[in-house]
């Protein structure tokens, strides 16, 4: 399947290991991935529909008031299900997770399948 077009995927996560892992897995599947802090990601997402294709974060509440909802992949060990229910385009991915689970979740929340050959998945494919 084709990678997400436009600005692509923005990763807003404090943990540098998680950011690198997500960037590596999605980058290998052809996605344009950038890391950002919440204020800059909000600014990009607020530019309008299509400006950002996916936000990956452990703090989705920051993006609750966007005028144009952007799909969100919410990474959490213990998700706040009440918070998650407030979003129309949110998928929870519970930690720890494998690279193939990340790709599957991205596909579900964006509507695109993520077919990546096994040899392209990083050897450290478990994120805890």
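The values are calculated or read from the model by the stated rules, or taken from the named source; none is laboratory data. For clarity, every value in this text was computed on a predicted model and none was experimentally measured. Note: ideal-geometry Cβ built from the backbone for every residue, glycine included; neighbour counts use all protein chains shown.
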Output for region 3-41, where each listed residue is under 14 Å from the mean Cα position of the chain (by Cα), free of Cβ contacts under 8 Å to residues at least 60 places away in the same chain and not in a loop (DSSP other than H, G, I, E, B)
10, 11, 12, 19, 20, 23, 27, 33, 34, 35, 38, 41
Output the residue which, of all residues in region 14-50 that are surrounded by fewer than 19 Cβ atoms within 10 Å (Cβ to Cβ) and in contact with a helix residue (DSSP H, G or I) (Cβ under 6 Å, 6 or more places away or on another chain), is nearest to residue 89 (Cα to Cα).
38
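Here is a yes/no grid of residues against (1) closer than 21 Å to residue 16 by Cβ; (2) part of a loop (DSSP other than H, G, I, E, B); (3) at pLDDT 90 or above:
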residue	(1), (2), (3)
49	no, yes, no
62	yes, no, yes
68	no, yes, no
84	no, no, yes
